[in-house]
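This report refers to the structure that appears directly beneath it.
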Amino acid sequence: MIQSLTVILLYLASLPVFALTLARQPHKDLPPWAICLSLVATETSTLTIVSVPGVAFLHGYVFLGLALGYLFGRIAVAIWFLPLHERGATSIYRYVGQRFGHRLQKLVSGTFLLTRLLAEGVRLYAGMLPVSLLFASIGYPVPDFVLLIGIVVLTLAYTLAGGLKAVVWSDTLQLVLYLGGSAACGIVLFYRLGPAVFHAAPLFTSGLPAFTNPFSVTGAVVGGAILSLASHGTDQLMLQRCLAARTLGGARAAMIGSVFVVALLFALLSFIGVGLHVLWPEYQGAPDALFPKFILTLPPILRGLLIAGILAATMGSLSSAMNSMAAATRSDFFPKNTLSLRAATSFWAVLLVATALLFSHPTGSAVVFGLSIASYSYGATLGIFLLAMLAHSRDEASGIAGFLVSIAVLGLLAMVRLDGHPIAFPWLVPAGVIAAFVGATVFSKLRRIGFQK
């Protein structure tokens with residue numbers, strides 16, 4: 001265990017040095033390949049690393065099917081959404097403000113900040129757990145709040161020191177670490193099982209009621225495409241990286257290229273889950289506990305690298321979240337630069353620790369839970385962006401009405417059960433988009449009728 005802990009400490013000590021060194025290189029522009037890898041590190045997290053093998057254990061290579069939908073969605077983002085935003089813009093929600101008005105801009109940005117705070121609190125707590133267990137296993141238990149503060153302070157340090165460039169380079173290094181760790185786990189499984197590890201597993205699933213299966217062909221491809229259109233076309237966390245590209249062509253290359261890296265990560269993690277189904281066919285525990293249990297069986301140095309990889313995924317998404325939340329806060333709520341970026345970043349860092357301490361781990365797959373939570377806000381936000389792009393009349397009051405109706409409808413859908421199953425997360429986004437359009441259209445017509453009277 002001491003060897004594992006040493007590997008983790010070496011990683012924590014070297015990451016800020018590498019990130020800040022690369023961030024302070026004389027070249028000004030970030031290369032598209034680094035932005036691409038940073039996008040992947042931002043959208044994946046501890047929940048992805050821990051949960052995808054558990055999902056694959058039960059259902060096969062279904063996340064690869066979801067990646068196919070992601071490809072179509074990101075191509076659409078590259079073609080239609082990226083040209084809407086100015087290179088170097090600090091907030092993508094300025095576009096909503098320019099088309100509708102600042103009240104709706106603040107409403108959409110505030111929704112992003114709230115949902116991102118909740119999502120990152122979940123990720124932060126999940127990333128802290130393996131480190132906590134490792135300390136406990138060597139007889140030195142550390143309180144959760146101490147580990148949480150340590151992770152956030154270290155991440156905050158290089159985020160403040162190097163800005164977005166340091167975040168992008170640290171994301172890149174962290175992605176390489178957990179991609180390599182996942183590949184090493186696949187090699188270990190092959191060594192233990194031989195050719196049996198390559199047994200067939202499905203790409204899509206069936207058998208559940210319509211709109212309740214996220215991994216059916218239509219759910220993964222159609223719903224996944226719309227989900228990706230929302231997450232990468234309307235989320236400050238994702239688009240902030242692409243806006244750092246010097247040219248539109250570079251931003252498009254990073255956006256489309258990211259889906260192939262995501263597919264590679266999904267393939268590696270799914271391969272591990274499918275292999276563990278062969279190794280431990282009798283396993284009956286929680287899906288998210290499967291991969292951590294396997295990590296504990298690895299040699300000490302590899303075990304340390306894997307836990308460092310999980311920590312890397314946590315810190316990668318955390319640094320990205322703090323940077324994007326601070327940028328959105330400063331741009332959308334303090335447009336005259338009355339709030340410094342450092343102060344805004346530190347403010348969100350404190351709230352993230354508090355949120356993580358209040359976090360209660362969900363039952364079932366955490367990654368599916370996380371995607372479901374994100375989808376409730378994505379539907380309303382994508383609806384507003386599409387209204388801004390397509391509607392001839394851009395009345396702010398109608399836009400606000402559409403956004404609020406969409407949030408309300410998605411809240412009601414959260415309580416709907418079809419034969420005991422909730423609505424699958426890929427279908428929440430299109431439901432939110434439709435609700436936003438209907439709400440804005442009905443409100444606009446009612447206003448016109450009122451004016452005519």
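The values are calculated or read from the model by the stated rules, or taken from the named source; none is laboratory data. Bear in mind that the values here come from a model prediction, so they are computed numbers and not experimental data. So basically every Cβ, Gly included, is an ideal-geometry build from the backbone, and we count neighbours across all protein chains shown. Accessible surface is based on the protein model in full, side chains and every heavy atom, while ligands, DNA and RNA are left aside. Shrake-Rupley method; radii C 1.70, N 1.55, O 1.52, S 1.80 Å.
Over the chain, with the other protein chains present, what is the accessible area per residue in square angstrom, probe 1.4 angstrom?
40 Å²
Using 7 Å Cα-to-Cβ label points, what is the Ile2/Leu58 separation (nm, one decimal)?
Result for the modelled spin labels: 4.1 nm.
Determine the relative contact order of the chain: mean sequence separation of Cα pairs under 8 Å and six or more apart, normalised by residue count, in whole percent. Display every interim value, and only then the final one.
Numbers: 729 pairs, mean separation 145.5, N = 453.
So the answer I get is 32 percent.
Which value in Å is the Kirkwood Rh of the chain over different Cα pairs?
On the way: mean 1/r = 0.0446 Å⁻¹.
Result for the chain, one decimal place: 22.4 Å.
Just to be sure I understand the rule: take each whole DSSP H helix in the chain, project its Cα atoms onto its long axis, keep it if the span is 15 Å or more and its mean Kyte-Doolittle hydropathy is at least -1.0. Which ones pass? Write out the running numbers ahead of the final one.
On the way: long enough: 2-23 (32 Å, 1.95); 32-43 (17 Å, 1.24); 46-59 (20 Å, 1.56); 62-76 (22 Å, 1.74); 102-137 (52 Å, 0.78); 144-193 (45 Å, 1.52); 248-279 (47 Å, 2.02); 300-333 (48 Å, 0.86); 341-357 (24 Å, 1.64); 366-390 (35 Å, 1.77); 396-413 (26 Å, 1.92); 425-452 (41 Å, 1.02).
Taking the DSSP H segments of the chain (at least 15 Å long, mean hydropathy at least -1.0), we get 2-23, 32-43, 46-59, 62-76, 102-137, 144-193, 248-279, 300-333, 341-357, 366-390, 396-413, 425-452.
FRET efficiency for Lys336 and Asp29, Cβ-Cβ distance as r, R0 = 22 Å, nearest 0.05?
Rounded to the nearest 0.05, the efficiency is 0.20.
Nothing charged except the Cβ atoms of Lys and Arg (+1) and of Asp and Glu (-1): what's the magnitude of the dipole of the chain about its Cα centre? Round to the nearest 20 debye. Intermediate values should be presented prior to the final figure.
Working: 26 positive and 13 negative charges, 258 e Å.
With Lys and Arg at +1 and Asp and Glu at -1, about 1240 debye.
Given the range 115-219 reduced to its alpha-carbon atoms as identical point scatterers, what log10 I(q)/I(0) does the Debye formula return at q = 0.16, 0.20 Å⁻¹?
With no solvent term, the Cα-only Debye profile gives -1.07, -1.11.
Given a 1.4 Å probe and every protein chain left where it sits, what share in percent of the accessible area of the range 65-214 is carbon and sulfur?
Numbers: 4480 of 6220 Å².
After summing per-atom areas, the C and S share lands at 72 percent.
Kirkwood Rh over alpha-carbon pairs of the range 181-228, then Stokes-Einstein at 10 °C and 1.306 mPa s: what D in µm² s⁻¹, rounded to an integer? Numbers along the way, then the final one.
Details: Rh = 13.2 Å.
Roughly 121 µm²/s, to the nearest whole number.
In Å, what is the Rg of the alpha-carbon atoms in the range 265-410, and how long is Dmax?
When restricted to the Cα atoms of the range 265-410, Rg and Dmax are 21.0, 63 Å.
Can you give me the three principal axis dimensions of the range 157-281 from its C-alpha atoms, in Å, biggest first?
48, 39, 26 Å, listed from the longest principal axis down.
Based on the mean of other Cβ atoms within 10 Å per residue, sort peptides 277-290, 316-329 so the most packed one is first. Write down the numbers at each step before the final one.
Working: 277-290: 14.7, 316-329: 26.9.
Peptide ranking by packing, descending: 316-329, 277-290.
Lys and Arg at +1, Asp and Glu at -1: add these up for the other residues within a Cβ distance under 15 Å of Phe81 and post the number.
In short, +4.
Based on the Cβ-Cβ distance from Ala343 to Leu193, what FRET efficiency comes out when R0 is 56 Å, to the nearest 0.05?
Working: r = 53 Å, r/R0 = 0.94.
According to the calculation, E is roughly 0.60.
Once every DSSP H run of n ≥ 4 in the chain is given -39500 (n - 2.57) and the sum is divided by its residues, what mean residue ellipticity at 222 nm do you get, rounded to the nearest 500 deg cm²/dmol? Could you put the intermediate results ahead of the total?
Working: 16 runs with 332 residues, N = 453.
Dividing the helical sum by the residues of the chain leaves -25500 deg cm²/dmol.
If the convex hull of the alpha-carbon atoms of the range 42-111 is projected onto planes in all directions, what is the mean projected area in square nanometres?
Working: hull surface 26.2 nm².
Averaged projected hull area, Cα only: 6.6 nm².
Could you look at the range 275-391 and say what percent of its accessible area is carbon and sulfur, using a 1.4 Å probe and all protein chains? Don't jump to the answer; show the numbers that get you there.
Details: 3040 of 4410 Å².
The computed percentage sits at 69.
Quick one: divide the alpha-carbon radius of gyration of the range 215-323 by 2.2 N^0.38 Å and tell me what you get.
Numbers: Rg = 17.6 Å, N = 109, 2.2 N^0.38 = 13.1 Å.
The value comes to 1.34.
Between the range 67-96 and the range 149-185, how many Å separate their Cα centres?
Rounded to whole Å, the Cα centres lie 24 Å apart.
If you average the alpha carbon positions of the range 225-297 and of the range 98-130, how far apart do those two centres end up, in angstrom?
20 Å
Distances longer than 13 Å among the Cα atoms of the range 394-453: what percent of all pairs is that? Provide the component values of the computation, followed by the final result.
Numbers: 1105 of 1770 pairs.
In whole percent, the long-distance tail amounts to 62.
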